[in-house]
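The values are calculated or read from the model by the stated rules, or taken from the named source; none is laboratory data. As the structure is a computational prediction, the values presented were derived from the model and not from experiment. Counting neighbours? That spans all protein chains shown, and the Cβs are built from the backbone with ideal geometry, glycine included. For accessibility, only protein heavy atoms count, side chains too; no ligands or nucleic acids. Shrake-Rupley method; radii C 1.70, N 1.55, O 1.52, S 1.80 Å.
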Amino acid sequence: MGCQHLEELYELWLLGALSGQSSVDLREHLERGCPHCLARVRDATETVYVLGLASQPARPHPRVKAELLRQISRKTAPHR
Ligand SMILES: [Zn+2]
């Protein structure tokens, strides 16, 4: 079973915007130590953290913010 479907959930999860079964699934998946997802979550953590530092007090709706984060993280995804 692949985990591509989890890729768009990392930022939401880190922002606490993910709830219910998706949140449980993602956490359990990470606890199993999937190296792909752990690397991606680390990148997502950096993205969320940096944007948190840089962002203005204006608070977009969580879904809008998550979508922005998704686009930004896709553009700046490091190819290491
Ligand atoms: Zn995975």
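For this structure, a couple of remarks:
- The residue that is nearest to Pro62 (Cα to Cα), among those in segment 16-47 that are more than 11 Å from the ligand (Cβ to nearest atom) and not in a helix (DSSP H, G or I), is Ala17.
- Lone qualifier among Arg32, Arg27 - being loosely packed, with under 14 Cβ neighbours inside 10 Å, at pLDDT 90 or above and in contact with a Phe, Trp or Tyr (Cβ under 9 Å, 6 or more places away or on another chain): Arg27
- Of all residues in segment 9-44, those that are of a type in the set (D, E, K, R) and under 15 Å from Arg70 (Cα atoms) total 4.
- Residue match in segment 55-76 (condition: in contact with a Pro (Cβ under 8 Å, 6 or more places away or on another chain) and modelled with pLDDT of 80 or more): no
- Checking each residue in segment 1-15 for being within 13 Å of the ligand (Cβ to nearest atom), modelled with pLDDT of 85 or more and open to solvent by 40 Å² or more (accessible area, probe 1.4 Å) picks out Gln4, His5, Glu7, Glu8, Trp13.
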